[in-house]
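For reference, the structure is listed below as structure tokens.
The values are calculated or read from the model by the stated rules, or taken from the named source; none is laboratory data. If you're wondering where the values come from, they're calculated on a predicted model, not measured in any experiment. Heads up, the Cβs are rebuilt from the backbone with ideal geometry, glycines too, and the neighbour counts pull from every protein chain shown. Please note that ligands, DNA and RNA were not included when accessible areas were found on the heavy atoms of the full protein model with its side chains. Shrake-Rupley method; radii C 1.70, N 1.55, O 1.52, S 1.80 Å.
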Amino acid sequence: MYHLPVMLNECLDALNIKEGDTVVDVTFGGGGHSKAILKQLTGGRLIAFDQDPDALQNTIVDNRFTLVNQNFKYIKQYLKFYNASPVDAILADLGVSSYQFDTAHRGFSTRFEGELDMRMNQSIAKT
């Protein structure tokens, strides 16, 4: 498994998702939070962001879901592009995922041999 979401139920309760809501997950990662949001979302839409190319393998096939492979600092531009403003709820699970710690080549691990890197997006030049 890519990553188990922490405090999932508490996050869902705080989001207070209603029918037809537009929800944004700015840190898609393994998609655990997004999958749970979609289970509660009826008639709405979910826009998720993640700049980590590894996260793309976790995309969700659902016509209510859009995954934006970008840093969420571009949220305003992409929400405008997808005609998704205003939004009703935003989830930001900030930090490093267990997948990144458990995968030596990602450069985050303290348990496995690997070059220090620590880029969320490995396509940027500076490590």
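Among all residue pairs at least 6 apart or on different chains, which show Cβ distances below 9 Å where the first residue, located in the stretch 74-96, is within 18 Å of LEU38 (Cβ to Cβ) and outside any helix (DSSP H, G or I) and the second is among the β-branched types (Val, Ile, Thr) and at pLDDT below 95?
LEU91/THR27; ALA92/THR27; ASP93/VAL6; ASP93/THR27
Regarding GLU19, is this residue acidic (Asp, Glu) and farther than 12 Å from ASP93 by Cβ?
yes
State which residue is modelled with the highest pLDDT when the search covers only the stretch 1-36 and only residues that are open to solvent by less than 20 Å² (accessible area, probe 1.4 Å) and at positive phi.
GLY31
Within the bounds of the stretch 58-77, is there any residue that is among the charged types (D, E, K, R), at pLDDT below 95 and surrounded by 13 or more Cβ atoms within 10 Å (Cβ to Cβ)?
Looking through the stretch 58-77, none of the residues is among the charged types (D, E, K, R), at pLDDT below 95 and surrounded by 13 or more Cβ atoms within 10 Å (Cβ to Cβ).
List the residue pairs whose Cβ atoms are under 7 Å apart, where the first residue sits in the stretch 29-55 and is in contact (Cβ under 8 Å) with a residue 12 or more places away in the chain and farther than 14 Å from LEU15 by Cα, the second is small (Gly, Ala, Ser) and assigned to a helix (DSSP H, G or I), and the two are 6 or more positions apart or on different chains.
Note: pairs meeting the criteria are GLY29/ALA55; ALA48/SER34.
Among the residues of the stretch 40-51, how many are in a loop (DSSP other than H, G, I, E, B) and under 12 Å from VAL68 (Cβ atoms)?
Here the count works out to 2.
Quick check on this structure: which one of ASP62, ASP88, ASP21 is farther than 24 Å from ILE124 by Cα and touching a Gly at 6+ places or on another chain (Cβ under 7 Å)?
ASP21
Mind listing whichever residues of the stretch 15-68 are farther than 16 Å from PRO5 by Cβ and among the small types (Gly, Ala, Ser)?
Result: GLY20, GLY43, GLY44.
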